[in-house]
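The values are calculated or read from the model by the stated rules, or taken from the named source; none is laboratory data. From a predicted model like this one, the values you see are computed outputs, not experimental measurements. As a convention, Cβ positions derive from the backbone with ideal geometry for all residues, glycine included, and neighbour counts pool all protein chains shown. Heads up: the accessible areas ignore ligands, DNA and RNA and are worked out on the full protein's heavy atoms, side chains in. Shrake-Rupley method; radii C 1.70, N 1.55, O 1.52, S 1.80 Å.
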Amino acid sequence: MALQASSLLSSAFVSPKEGKVNAGFKDSAFLGVSFSESVKSDFNSTLLRSKRVSVPSVIIRAQTTATDAPAVSRAAQEGKKTLRKGVVVVTGASSGLGLATAKALAETGKWQIIMACRDFLKAEKAAKSAGMPKENYTIMHLDLASLDSVRQFIANFRSSGMPLDVLVCNAAVYQPTASQPSYTAEGFEMSVGVNHLGHFLLARELLDDLKKSDYPSKRLIIVGSITGNTNTLAGNVPPKANLGDLRGLAGGLSGMNGSAMIDGGEFDGAKAYKDSKVCNMLMMQEFHRRFHEETGITFASLYPGCIATTGLFREHIPLFRLLFPPFQKYITKGFVSEDDAGRRLAQVVSDPSLTKSGVYWSWNKNSASFENQLSQEASDAEKAKRVWELSEKLVGLA
Ligand code: NDP
Ligand code: PMR
């Protein structure tokens, strides 16, 4: 039974590829910021008075559990205090994991969620149908397939006057059936361009905002995955992640003077996604090495479980989309619902017991979190440094 399902799934996987060109430019006309109505009047009136907007206070029990983060404020150490709401930016909050996380955080009433999305109307509809209280979220436009859009998002966010307490880099594209690469506005192969480079610029720039926050536990979370880790069964399903000697990344992933793939090889959409996840996990660790001690910010990554029902698989063939959820539910038993996965990521955002920095979190069968091991490549510090430096050049930071 397991074998039959595996071979069906494999054949579903190797079906003919279809070309896709520049798939990530939906609704770029919706530049700028949208506030849900009640928040809009609240923030607008505050903006008239001062540039730094105060975020509504809620009473929460301050974090008294042991923490590895040195920058815990005095307020947090003194027990029960009045704390303002935390402000968290979640990229790709219009569906799947990002939406479920936004929903889980919104329900607590302790967070103002900035839904950073490329499709404004989709995000608004999604937030409404998830039942998120209007006053707890704000939608801002962000298309990670354009570095201009990333910079514009940062400017918009800053001009809102809100502090930044947690940044969640969650958005991603997966193009397993593409026979040809598609490209971001700057000409980077789409999966690595969106999943890694767009987020890299965003996180590098917003680090300054995180540093300025007076919130007790500041965090930068970059969503990783099991399929980028070749020390797992899932990570050994071909094509395997492999950044090689980074020659394609060094060449700009444009496919013009070299390759659209990080390792310089032939284009493969599924591999490009897995490579981008390796970059996500490497960058989390590099941020940790460079900035944790100095800033107290917690840097973390995670594998939330296999959320086989999300839009991530929208470009996969129908047979795959049909078989993948039952395969994960009944055979690998790695399946997790969107709501459960959202609660997991929300834990990494706000749970006082998950403040350790430099960690790749996973959850066991009882849904208890644990520090997982990354593959050799995904924990290679020398490679992380080189990916960081090459990425800085590509996004115009060096
Ligand atoms: P979804 O496709 O449901 O969500 C992806 C989100 O990213 C969507 O909101 C999408 O926007 C957004 N997005 C895509 N391209 C861009 C862009 N150019 N600019 C801004 N936003 C963009 O997938 P998941 O929820 O499954 O994926 C979320 C994260 O979870 C990813 O990082 C993925 O790698 C990770 N993950 C997923 C697993 C799974 O089993 N599903 C397993 C392990 C990790 P739009 O709604 O407009 O399309
Ligand atoms: Mg996988 C314990 C086994 C396990 C787990 C947890 C996953 C997760 N997968 C497992 C096993 C297998 N997968 C096996 C044995 C096969 C061969 C039949 C298999 C196949 C497979 C395919 C074709 N799996 C996939 C695909 C995809 O297209 C997905 C992918 O790689 O996206 C990049 C995928 C996934 N498997 C997972 C998870 C979490 C995914 C989604 C990937 C991600 O977001 O990283």
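Values computed for the structure shown
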read-out	value
Residue count for segment 348-361, restricted to those that are surrounded by fewer than 20 Cβ atoms within 10 Å (Cβ to Cβ), of a type outside the set (Lys, Arg) and under 25 Å from residue 278 (Cβ atoms)	1
Sole residue being more than 20 Å from residue 309 (Cβ to Cβ) and surrounded by fewer than 24 Cβ atoms within 10 Å (Cβ to Cβ), chosen from 131, 109, 86	109
Which listed residue, of 194, 173, 223, is within 16 Å of ligand 2 (Cβ to nearest atom), open to solvent by 20 Å² or more (accessible area, probe 1.4 Å) and either in contact (Cβ under 8 Å) with a residue 24 or more places away in the chain or of a type in the set (Val, Ile, Thr) (or both)	173
Odd one out for residue 255 among (1) in contact with a Pro (Cβ under 6 Å, 6 or more places away or on another chain); (2) within 16 Å of ligand 2 (Cβ to nearest atom)	(2)
Qualifying residue in segment 198-205 (condition: open to solvent by 20 Å² or more (accessible area, probe 1.4 Å), over 18 Å from the mean Cα position of the chain (by Cα) and acidic (Asp, Glu))	no
Qualifying positions in segment 139-172 - closer than 27 Å to residue 354 by Cβ, out of contact with any Asp or Glu (no Cβ under 6 Å at 6 or more places or on another chain) and part of a loop (DSSP other than H, G, I, E, B)	142, 144, 162, 163, 165, 170, 171, 172
Given (1) out of contact with any His (no Cβ under 6 Å at 6 or more places or on another chain); (2) more than 16 Å from ligand 2 (Cβ to nearest atom); (3) more than 30 Å from residue 254 (Cβ to Cβ), index of the condition residue 357 fails	(1)
Matching residues, segment 237-251, being under 19 Å from residue 280 (Cα atoms), open to solvent by 10 Å² or more (accessible area, probe 1.4 Å) and out of contact with any helix residue (DSSP H, G or I) (no Cβ under 6 Å at 6 or more places or on another chain)	240, 242, 244, 245, 247
Residue in segment 260-278 that is within 15 Å of ligand 2 (Cβ to nearest atom), part of a helix (DSSP H, G or I), more than 23 Å from the chain's Cα centre (by Cα) and crowded, with 19+ Cβ neighbours inside 10 Å present	no
Candidates 171, 145, 203, filtered to the one that is more than 10 Å from ligand 1 (Cβ to nearest atom) and not aromatic (Phe, Trp, Tyr)	203
Residue within segment 295-317 that is more than 16 Å from ligand 2 (Cβ to nearest atom) and at positive phi present	yes
Failed item in (1) more than 11 Å from ligand 2 (Cβ to nearest atom); (2) crowded, with 18+ Cβ neighbours inside 10 Å; (3) among the aliphatic types (A, V, I, L, M), with residue 368 passing the rest	(2)
Unmet requirement for residue 323, which otherwise passes all of (1) more than 9 Å from ligand 1 (Cβ to nearest atom); (2) closer than 21 Å to residue 168 by Cβ; (3) of a type in the set (A, V, I, L, M); (4) open to solvent by 20 Å² or more (accessible area, probe 1.4 Å)	(2)
Test: residue in segment 300-317 that is more than 14 Å from ligand 1 (Cβ to nearest atom), charged (D, E, K, R), without any contact (Cβ under 8 Å) to a residue 60 or more places away in the chain and open to solvent by 30 Å² or more (accessible area, probe 1.4 Å)	no
Tabulated pairs, segment 347-358, first among the hydroxyl-bearing types (Ser, Thr, Tyr), second open to solvent by 40 Å² or more (accessible area, probe 1.4 Å) and modelled with pLDDT of 95 or more, C-beta under 6 angstrom, 6+ apart or interchain	357/288
All positions within segment 219-237 that are touching an Asp or Glu at 6+ places or on another chain (Cβ under 9 Å) and within 11 Å of ligand 1 (Cβ to nearest atom)	228, 229
